[in-house]
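Report on the following structure.
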Amino acid sequence: MAHSLKILHDIYPKRTMKIVSSFLFISLIAINFAFGQNKVQTAINEFAASSHMKYASISFDVIDLATGKSVAAYDPNRGMPTASTAKLFSTATAIEILGENYRPQTRIYVDGPIDSIGTLTGNVWIRGGGDPTLGSKYFCDDGRERDFLYAWADSLKKKGITKIEGAIIADASEFGYKGAPDGWNWVDMGNYYGAGPSGLTIFDNLVEYTFKVPAKVGSISTLSSTRPFVPNMVVHNYVSSASGGGDNAYIYGAPYSMDRFVTGTLPAGSSAFVVKGSLPDPESQFAFELQEILRERGIVVLGGSKTARAMEIQSASWTYSKRTLLFTHAGETIGRIVDKTNEWSINLFAEHLVNLIGYVKGGDGSTYKGLSELEKYWSGKWSTTGMQVNDGSGLSRSNAISASNFTNLLKSMDASLNGKRFKESLPVSGISGTMRNICKDQAGHGKITAKSGSMTRIKSYAGYVNSTSGKKYAFALIVNNQTCSSSALVDMMEVVFNSIATY
């Protein structure tokens, strides 16, 4: 630099030289200032340059919420499957369209008269409205899952019913009978995280299988029990004992199929190892559970339990106009469901939120209708071109969502009247939910509220950052097909997150 200035002195007069020197000095300060403020870009560039990212796809974006301008980016428009960060779309849209105080409803009807001695000449109908919280472990204590059914039975007794000549009929048709969203894998649907949404969901659509595992390695285990008891379910058990390790068992089974195949291994010598799977037919289980509770309460049910899905095959469609509504059960609020969904990444709840959006907006509780309403809502605020959302939970590998899609969503929610409520539902880095171990005791501790996503060869995060500079940012980082372990990848991501938190 000194040599360059000497040459300039020889060429230009002193006055001109003073101006040139001042210009160069100011330019150097500006360049150094720019590079000094660009440590987030430096961090993501170094992240992407890692040997572990050689074959990976990366999408990254950070925007300043005050100005809307980009702070740093790396292929921000690259659409990819993101795993559970996709729940940001289902939860944000539910709060925006349904409102935090909306409560899904389940209605109880009868289709015949009740005589003077308490005999119902007809059936009891359970008309589902897509409430995912009935008997949910996230909203009631262990052992209290059936309390709502006992309350229903008591309500029927108060209506004078002591005997039902017909059946208990569960009707989940409001959400259709597709069973699972597009793009879900066969390997997922039988397991607890692959429980599909239903117009009538009960006990989180979950079944707990308890196995007794022999001490001898390689021996086949014994299935001791299931909770709840599922009538007509046949379990084909191929689970063997292994030395060490945890739950390496997998459950295979399609929606509505009563055959379940359990494979893999469990720790040798376990006397009561619990493996969680999805409920084959929530509608059928719902009718059965209410029937059993009614019998406990002394109400005779002569016609057993039935489902609208099975009856639809044999008879014409029905309406409720000629039935008598006895009472309505209001579920938990959308706000509380969103809280649980984002904090603990509950796939079932996220799917239900999408279904409820379609149900409330158009009377169609299918996943297709809900996602159509979701896309329509956000495309009116920013360009959704290239974005593909095929489910509410992120379990579908057909999803294609970019980092910029997330920052656009987060920016819109930041400006929304529902923005504060939405942010409160997100886990906090180093403190709560699925973010409790991210940036713990690091620069980003407590400064990031975000949703995480994780599946095989997929890791993502998206949310908000309150930096030490006082600025507020929205960010998203999505990685597919890295060659390092998940824990090593998180360590590398934390470097990027900490750079945002201190920018």
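The values are calculated or read from the model by the stated rules, or taken from the named source; none is laboratory data. None of these values were measured; they are calculated from a predicted model. Cβ placement follows ideal geometry from the backbone for every residue including glycine, while neighbour counts extend to all protein chains displayed. Only protein heavy atoms, including side chains, enter the accessible area calculation; ligands, DNA and RNA are left aside. Shrake-Rupley method; radii C 1.70, N 1.55, O 1.52, S 1.80 Å.
With charges only on Cβ, +1 for K and R and -1 for D and E, what is the dipole size of segment 383-503 about its Cα centre, in debye, rounded to 20? Don't skip to the answer; put the middle values down first.
Working: 13 positive and 6 negative charges, 41 e Å.
Result for segment 383-503 is approximately 200 debye, rounded to the nearest 20.
Dipole of the chain (Lys/Arg Cβ +1, Asp/Glu Cβ -1, origin at the Cα centre): which of ILE117, TYR473, SER219 lies farthest to the positive side?
TYR473
May I ask for the Kirkwood hydrodynamic radius of the chain, worked out over all distinct Cα pairs and given in angstroms to one decimal? Write out the running numbers ahead of the final one.
On the way: mean 1/r = 0.0393 Å⁻¹.
After inverting the pairwise mean of 1/r, the radius is 25.5 Å.
Just how large is the dipole of the chain about the Cα centre, in debye to the nearest 20, putting +1 at every Lys and Arg Cβ and -1 at every Asp and Glu Cβ? Don't skip to the end; give the middle numbers.
Values: 50 positive and 43 negative charges, 277 e Å.
With Lys and Arg at +1 and Asp and Glu at -1, about 1320 debye.
How high is the relative contact order of the chain? Use alpha-carbon pairs under 8 Å, at least six apart in sequence, and give a whole percent. Could you put the intermediate results ahead of the total?
On the way: 1147 pairs, mean separation 112.1, N = 503.
Averaging sequence separation for qualifying contacts and normalising by length gives 22 percent for the chain.
Working with all protein chains in place, sort ARG436, ARG323 by solvent-accessible area computed with a 1.4 Å probe, largest first.
ARG436, ARG323
Taking the Cα centre of the chain as the origin and placing charges on Cβ (Lys, Arg +1; Asp, Glu -1), which of LEU489, SER460, GLY446 is farthest toward the positive end of the dipole?
In the chain, that residue is GLY446.
Carbon-plus-sulfur fraction of the accessible area of the chain, 1.4 Å probe, in percent? Present the calculation step by step, with values, prior to reporting the outcome.
Working: 11400 of 22080 Å².
The nonpolar share, carbon plus sulfur, comes to 52 percent.
Please report how far the C-alpha centroid of segment 153-193 lies from that of segment 58-80, rounded to the nearest whole angstrom.
Using only Cα atoms, the two centres lie 43 Å from each other.
Can you give the FRET efficiency to the nearest 0.05 for LYS381 and ASN38, using r as the Cβ-Cβ distance and R₀ = 22 Å? Intermediate results must be reported in sequence, preceding the final value.
Details: r = 29 Å, r/R0 = 1.32.
According to the calculation, E is roughly 0.15.
Roughly how many nanometres apart are two label points built 7 Å out from the Cα toward the Cβ at ALA151 and LYS212?
So the label points at ALA151 and LYS212 sit 3.9 nm apart.
In the full protein assembly as shown, how much of TRP378 is accessible to a 1.4 Å probe, in Å² to the nearest 10?
Its heavy atoms expose roughly 0 Å² to the probe.
Taking a point 7 angstrom from the Cα of LYS420 along the C-beta vector, which residues in segment 86-118 have backbone N less than 20 Å away?
Answer for segment 86-118: 92-102.
Could you do me a favour and compute the accessible area per residue for the chain, 1.4 Å probe, result in Å²? Kindly include the intermediate steps, with their values, before the conclusion.
Working: 22080 Å² over 503 residues.
Normalised by residue count, the accessible surface of the chain is 44 Å².
If you take the charge dipole of the chain about its Cα centre, with +1 on Lys and Arg Cβ and -1 on Asp and Glu Cβ, which of ASN399, TRP184, THR162 is farthest toward its positive end?
Farthest towards the positive pole: ASN399.
I'd like to compare 324-335, 226-237, 274-285: which one has the highest average count of other Cβ atoms within 10 Å, and what's the full order after that?
Numbers: 324-335: 17.1, 226-237: 14.7, 274-285: 24.1.
Final packing ranking: 274-285, 324-335, 226-237.
About the Cα centre, and with charges only on the beta carbon of Lys, Arg (+1) and Asp, Glu (-1), how big is the dipole of segment 288-410? Nearest 20 debye, please. Don't skip to the answer; put the middle values down first.
On the way: 13 positive and 12 negative charges, 69 e Å.
Using only the charged Cβ atoms, the result is roughly 340 debye.
Separation between the ASN237 and LYS54 pseudo-spin-labels, each 7 Å from Cα along Cα→Cβ, expressed in nm?
Distance between the two pseudo-spin positions: 4.6 nm.
Take the residue pairs LYS411/LYS447; LYS451/LYS472; LYS369/LYS459; LYS340/LYS420; LYS39/LYS69; LYS39/LYS472 and return only those whose Cα atoms are more than 23 Å apart. Let's see the in-between values first.
On the way: LYS411/LYS447 17 Å; LYS451/LYS472 17 Å; LYS369/LYS459 28 Å; LYS340/LYS420 16 Å; LYS39/LYS69 16 Å; LYS39/LYS472 16 Å.
LYS369/LYS459, as the Cα separations exceed 23 Å there.
Quick one: if the Förster radius is 22 Å, what FRET efficiency do CYS140 and VAL274 give, using the C-beta to C-beta distance and rounding to 0.05?
Once rounded, the FRET efficiency stands at 0.75.
Efficiency by 1/(1 + (r/R0)^6): what FRET value for SER219 and ALA330, r their Cβ-Cβ distance, R0 = 45 Å, to the nearest 0.05? List each step's numbers first, then the result.
Working: r = 50 Å, r/R0 = 1.10.
It comes out at approximately 0.35.
Which distance in nm do the two modelled labels at ALA310 and THR483 give, with both placed 7 Å along the Cα-to-Cβ direction?
Label at ALA310, label at THR483, 5.4 nm between them.
What is the distance in Å between the Cα centres of segment 360-421 and segment 281-309?
So the separation of the two Cα centres works out to 37 Å.
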